[in-house]
Amino acid sequence: MPKPDLAAISSRLARAQEGFLRAADSIPPDLWQARPPDGGWSPAEIAAHLCQVERGVIGTADRIFRHPPRAVPLLKRFHFPLKMVEARVIRRQSPIPLDPG
């Protein structure tokens, strides 16, 4: 298995964070809580959802790295190609319910 390029991964994460913050800063404060007329999520709800997902990912990764690796059956070693995941060809729902507060 090839060694991951940590510098490329870190750079990609930094660009994603910068893009998210730039997009969030472009939203006027009076529209931050406003929901679109079609019943979608407000910008504040989207940001809260992203934060919840990020906390879940970091918490799970932390728990995993505290223990030695487990043996994984061969069939469970196969995953969708990263390009398919990034393109959201197969959409998944969040396992964490959105807190309306």
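The values are calculated or read from the model by the stated rules, or taken from the named source; none is laboratory data. From a predicted model like this one, the values you see are computed outputs, not experimental measurements. Positions of Cβ are backbone-derived with ideal geometry, glycine not excepted, and every protein chain shown enters the neighbour counts. Protein only, heavy atoms only, side chains kept; ligands, DNA and RNA dropped before computing areas. Shrake-Rupley method; radii C 1.70, N 1.55, O 1.52, S 1.80 Å.
Details
- Filtered residue count, region 5-41, keeping only those that are in a loop (DSSP other than H, G, I, E, B), under 23 Å from residue 86 (Cα atoms) and open to solvent by less than 80 Å² (accessible area, probe 1.4 Å): 1
- Hey, residue 71 at negative phi, out of contact with any helix residue (DSSP H, G or I) (no Cβ under 6 Å at 6 or more places or on another chain) and open to solvent by less than 80 Å² (accessible area, probe 1.4 Å) or not: no
- Here is the figure for region 74-86: residues that are in a helix (DSSP H, G or I) and open to solvent by 100 Å² or more (accessible area, probe 1.4 Å) total 6.
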